């Protein structure tokens, strides 16, 4: 079976909850009309269709739009060799989804990272705490409204006490240049 046929089976099982499968560059995506049922859809994909590997969970910030976020679950069936993307929208008002740890235990760290960087909570997660930023950090750095220069912290000896500048820093791609190599951060030095 193909990924499109698997997506059609999910659509048949859940009806109007699932969008028509969309293909782009050979990848198939379905979208849920009700994000609250994400765990149920994922469980069906794993147990009935063989999508036994959760490759990744990623989040998109649609700043200025409603719903604000889209969470994308990238699934793979190791036996069937197919990949499928399942998307669910999350409003800024709610900013919460059910966890899928009961389906794939590896969702633990993916969900923690999304919480840490975007502020989306996963209801039922057994250990939802920050994974990259320190506990007590009041911001979510991957949101589009987070400034590039960072924000100052009031916690001395934990991190910078002033905003950490990124513009022009060694890890920021420089605009312009004759080619991609010249724009790469690894090419520049402190003198530049």
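Before moving on, here are some points about what is shown:
- Residue list for the stretch 71-81, restricted to those being surrounded by 18 or more Cβ atoms within 10 Å (Cβ to Cβ) and over 12 Å from residue 56 (Cβ atoms): 77
- Which listed residue is out of contact with any strand residue (DSSP E or B) (no Cβ under 7 Å at 6 or more places or on another chain) and on the phi < 0 side of the Ramachandran plot, from 11, 94, 87, 31: 94
- Qualifying residues in the stretch 14-25 (those that are outside any strand (DSSP E or B), without any contact (Cβ under 8 Å) to a residue 12 or more places away in the chain and out of contact with any strand residue (DSSP E or B) (no Cβ under 9 Å at 6 or more places or on another chain)) - the one farthest from residue 78 (Cα to Cα): 15
- Number of the exception - residue 84 against (1) surrounded by fewer than 21 Cβ atoms within 10 Å (Cβ to Cβ); (2) in contact with a helix residue (DSSP H, G or I) (Cβ under 6 Å, 6 or more places away or on another chain); (3) modelled with pLDDT of 95 or more: (1)
- Residue that is surrounded by the fewest Cβ atoms within 10 Å (Cβ to Cβ), among those in the stretch 87-122 that are farther than 16 Å from residue 70 by Cβ and free of Cβ contacts under 8 Å to residues at least 40 places away in the same chain: 105
- Subset of the stretch 61-83 (residues that are over 18 Å from the mean Cα position of the chain (by Cα) and closer than 18 Å to residue 29 by Cβ): 77, 80, 81, 82
- Number of residues in the stretch 39-64 that are closer than 12 Å to residue 104 by Cβ, in a helix (DSSP H, G or I) and either modelled with pLDDT under 95 or in contact with a strand residue (DSSP E or B) (Cβ under 7 Å, 6 or more places away or on another chain) (or both): the value is 3.
- Of all residues in the stretch 19-34, those being modelled with pLDDT under 95 and crowded, with 17+ Cβ neighbours inside 10 Å number 1.
The values are calculated or read from the model by the stated rules, or taken from the named source; none is laboratory data. This one's a predicted model, so the numbers in the text were calculated from it and none came from an experiment. Cβ: placed from backbone, ideal geometry, glycine included. Neighbour counts: every protein chain shown.
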